[in-house]
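K.L.:
The structure follows.
The values are calculated or read from the model by the stated rules, or taken from the named source; none is laboratory data. The structure displayed is predicted, hence computed values, not measured ones. Note that we place each Cβ from the backbone using ideal geometry, even for glycine, and neighbour counts take in every protein chain shown. Side chains are part of the model used for accessible areas, which takes the heavy atoms of the whole protein and leaves out ligands, DNA and RNA. Shrake-Rupley method; radii C 1.70, N 1.55, O 1.52, S 1.80 Å.
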Amino acid sequence: MPAYSANPYDKAGRIFDEIFDSYYDGTSRLADMPSVIADVKAIANANTSFATMNSSYTLPSVERVQYLATRSISDIGGIIGASNLSSSAKTSFINFVISVTALYDTETDASKIYSAIVNYEATVIGSELLTANDQRVILTTTSILRYSSYRAKKKPKKNTDPYLTIWVTHVFGTEEGSEENESKAIIEGLVTLIVSNK
């Protein structure tokens, strides 16, 4: 756990988790947003698995990360509604994000959150209503969410693990990055997570 081999984009979550580990390795880091973006980029570029993805990406802007980091549950419909997902995918993903956010807020057992995410991923994988792009964006996002929520809820924590809130803003950054590619999803998702927890 928290891997899910049926998700063809599972590596995005695994690589996100590796980069997360490197960012929170106990090194003293500057907290301003340009420094967070630069640190995450440098760590990602030094990560062998990330380098094998062979995806060029645009860095998220400070303004966009700041905007996403200050959103809330009430913005789920607006943020996902503005995505490049099909209308069926938007409805499905909005409902999932609302339900998994509520579950995350009330559940302390990492395996129950994992199960909820995997069950949704299985539905997405088996759906004939979703386009290939819908599946790529959603499954990349859920892979990263699965790894990060598992890390946040697992017990006991490693000494270097921060006590994070995996908030809906993290999902926004990851989903938006996924629209470009897996590399951008990893970078934008992690930067938004870090900034949301400052």
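K.L.:
Just from its helices, what would the mean residue ellipticity at 222 nm be for the chain, if runs of 4 or more DSSP H residues each count -39500 (n - 2.57) and the sum is divided by every residue, rounded to the nearest 500 deg cm²/dmol?
P.N.:
When only DSSP H runs of four or more count, the value is -21500 deg cm²/dmol.
K.L.:
Net charge near residue 86, counting Lys/Arg +1 and Asp/Glu -1 over other residues with Cβ under 13 Å of its Cβ?
P.N.:
-1
K.L.:
Just order 6-15, 116-125, 98-107 by mean Cβ neighbour count inside 10 Å, highest at the front, would you?
P.N.:
Packing order, densest peptide first, comes out as 6-15, 116-125, 98-107.
K.L.:
Something else about it: Quick check: pseudo-label points 7 Å beyond the Cα along Cα→Cβ at residue 66 and residue 86, how many nm apart are they?
P.N.:
The two pseudo-label positions are separated by 3.8 nm.
K.L.:
Ok, one more. Would you mind checking region 87-130 for residues with the amide N under 14 Å from a putative spin-label position 7 Å along Cα→C-beta of residue 73?
P.N.:
95-107
K.L.:
Accessible area per residue for region 32-187 in Å², computed with a 1.4 Å probe and the full protein assembly in place, what is it?
P.N.:
It amounts to 44 Å² per residue over region 32-187.
K.L.:
Keeping the other protein chains in place, figure out the carbon and sulfur percent of the accessible area of the chain, with a 1.4 Å probe.
P.N.:
53
K.L.:
Then there is this: Rank-order 144-154, 66-76, 85-95 by packing density, defined as the average count of other C-beta atoms within 10 Å over each peptide's residues, highest first.
P.N.:
Put in order of decreasing packing, that is 144-154, 85-95, 66-76.
K.L.:
Another question about this same structure. In whole percent, what relative contact order does the chain give with Cα contacts below 8 Å and a gap of six or more residues?
P.N.:
Over the chain, the number comes to 36 percent.
K.L.:
While we're on this one: Answer with a single label: of (1) 32, 17, 14; (2) 23, 19, 17; (3) 35, 21, 16, which was calculated as semi-axes √(5λ) of the Cα gyration tensor in Å from the structure in view?
P.N.:
This structure yields the entry labelled (2).
K.L.:
Using per-residue counts of other Cβ atoms within 10 Å, averaged over each peptide, order 129-139, 52-62 from highest down.
P.N.:
So the peptides 129-139, 52-62, ranked by packing, come out 129-139, 52-62.
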